[in-house]
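Worksheet: the structure to be examined is printed underneath.
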Amino acid sequence: MNTQELVKQYQEWELKLSAYTLALSTMGFDSRTIAPTNGSAYRNKRNAYLVGEYFSIVNDENILEVMKQLSTKEDLDEKTKRAINYRLADIAKINCIPKEEYVKYDELASISYDKWYEAKHNNDYALFEPYLKETILTKKRFLEYRNKNNALYNLALDDYEIGMTMEEYDEFFSLIKEKLVPLIHQISQKQDEVDTSFFNQKFDIEKQRIFMNQMMNYLGFTKDWGYLSESEHPFTSGFSINDVRITTRYIEDNLISSIFSIIHEIGHATYNHQIDERFDGTYLVDNITSGLHESQSRLFENYLGRSDAFWDNNYQTLQNLFPEQLKDVTQEMFVRAINASCPSLIRTEADELTYPIHIYIRYEMEKAIMDGSMTLEQLNEKWKDLYEENLGIRPDTDTDGILQDVHWSDGSFGYFPTYALGSAYAAQFYQAMRKDIDVDDCLRNNNFNAIKLWLKEHIHKDGGLLTPKEVLLRATNEPFNPNYYIDYLTNKYKKLYNID
Ligand code: ZN
């Protein structure tokens, strides 16, 4: 068959696959936002059935042959070739798992999620523990099917960030630990420097929603391509380039939780939306690495959203909505407060400086889980010990400890480290962007579009065509350099807390 005929077959298959993906993402989004809990058993079973069908389509022998042939064709365009090679590599990761086990695992993941949810709300790790154990054992077995010769955790890390290994992460996290932990300890002794007391008030949720609408407009997250819903954990789900859904959680006595979770998710959503439309429905939309994706959400949330210039444009609106609560709070006080740092137990509510330590702790846990140096019975205590050791605080409930995150319930080991890595990528992108455009001026003068354009041109438009290492090199003219991140945090926080 000639290249054209093969491409036609490949595209027809890709359309079928993307139809299933759309159905599964819609069901997934629905079940985490609006679906009544009592319907979960029914939904989970149908979901697992569709996953089985999806598995068969992905592993269709004929199409595998088509892809293999295409990957060797010299007259195939470079972009399609890359997409096919990424796809083949990912299919190989699943292909080695017996279908029966794969489908069973999907059902386990759904039940495990429900049990995690129940355990978290009842503050009872014992309810979740057997399912977590089963999930870990299955995950390890699947990784062993793939490759017996590599360390299991290296395989898991590569699933979320192509090319990253324990060796590179060890180096990255030891730098973070060495440079940031002492600064965090210094700052915890100087808590009086930044006043955050005005946050301890009630902020009407209806008014929070009004503010979010205005802020979403400012950030260019509009109804013609974006949608905001509510869920336990905020997340983004990209159905297609022009249909990206995000969620948040409103808390009456925590004004900034929803503000920054929405800015964060809009960073993810903008990435998906700004990919070249020619790639819609192809693998180049799906295979963006977690670290790169997180670099965009962190860039929005921290580097842009917590800056003074951002609030030059938005603070007045917020103050007008909450005249009672914010009447004596100047913009300067507000911006200092949203940047305050204090060791805390919950990762998703952590400030920018302590955040990577929460990730470092999870990285150490996952490493030990994967190499078997920690028994599964020790998990809960080990979690508490690591918090005490690194952040000087110890959780006394399971809800504030090991049950806080959803990730392990569906076996997403290797995912956490990309959160810190993404923040570090963001620092490097931010520096490069500032060389080209006046970022503060754009933020101050309601010209967010100029920032979006820069990101589209240097990062977003190619989706997952390039590897993270290639994207960094193209956008910043140098390889990954974690010192931008360390320097950014050190300078910012020393200044904020008057430390020499
Ligand atoms: Zn994120």
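Of note:
- With only Cα atoms counted, the stretch 3-149 has Rg and Dmax values of 18.5, 59 Å.
- Couplings 3J(HN,Hα) of the stretch 76-92, computed from phi: 8, 5, 4, 5, 5, 4, 4, 4, 5, 5, 4, 4, 4, 5, 6, 5, 4 Hz, in residue order, whole Hz [Karplus 6.51 cos²θ - 1.76 cosθ + 1.60, θ = phi - 60°; x for Gly and Pro].
- Between 0 and 90°, nearest 10: helix 205-218 axis offset from the chain longest Cα axis: 70 degrees
- The mean sequence distance of close C-alpha pairs (under 8 Å, at least 6 residues apart), as a share of the length of the chain, puts its relative contact order at 20 percent.
- For the stretch 287-371, trypsin sites (Lys or Arg not before Pro) meeting the loop criterion (DSSP other than H, G, I, E, B) and having at most 10 other Cβ atoms within 10 Å: 327.
- Spatially, the stretch 231-287 and the stretch 115-157 are offset by 26 Å when compared through their Cα centroids.
- Counting only Cβ charges, +1 for Lys and Arg and -1 for Asp and Glu, the dipole size of the chain around its Cα centre is about 480 debye.
- Formal net charge of residues neighbouring residue 453 (Cβ-Cβ distance under 13 Å; K, R +1; D, E -1): +1
- Loop sites in the stretch 1-88: GluC sites (Glu not before Pro), DSSP, at most 13 other Cβ within 10 Å: 74
- The chain - mean residue ellipticity at 222 nm from DSSP helices (-39,500 (n - 2.57) per run, n ≥ 4, rounded to 500): -20500 deg cm²/dmol
- Counting DSSP beta bridges with both ends in the chain, the antiparallel % (nearest 5): 50 percent
- For residue 159, net neighbour charge (Lys/Arg +1, Asp/Glu -1) across residues whose Cβ lies under 9 Å away: -2
- Relative to the longest principal axis of the Cα atoms of the chain, helix 355-371 runs at roughly 40 degrees.
- Evaluated with a Cβ-only charge set (Lys, Arg +1; Asp, Glu -1), the stretch 3-149 carries a dipole of roughly 360 debye about its Cα centre, given to the nearest 20.
- At the listed q of 0.07, 0.09, 0.10 Å⁻¹, the Debye profile of the stretch 166-496, built from one uniform point per Cα, gives log10 I(q)/I(0) equal to -0.28, -0.47, -0.59.
- Local electrostatic count, residue 313, Cβ distance below 12 Å [Lys/Arg +1, Asp/Glu -1]: -3
- Over the stretch 224-331, relative contact order from alpha-carbon pairs under 8 Å, at least 6 apart, %: 20 percent
- q = 0.11, 0.15, 0.17 Å⁻¹, the stretch 127-207: log10 I(q)/I(0) [Debye, one scatterer per Cα]: -0.67, -0.83, -0.85
- When you restrict to C-alpha pairs under 8 Å that are six or more residues apart and normalise by the size of the stretch 29-147, the relative contact order lands at 26 percent.
- Trypsin sites (Lys or Arg not before Pro) within the stretch 141-236: DSSP coil, no more than 16 neighbouring Cβ in 10 Å: 148, 190, 202, 223
- Residues 137, 292 arranged by fewest to most Cβ contacts within 10 Å: 137, 292
- Amide H partners (placed H, <5 Å) of residue 463, local residues excluded: 276
Read-outs throughout are calculated quantities, based only on the coordinates presented, and are distinct from any laboratory measurement. Please read these numbers as outputs of a predicted model, since none were measured by experiment. All Cβ positions, glycine included, derive from the backbone under ideal geometry; neighbour counts span all protein chains shown.
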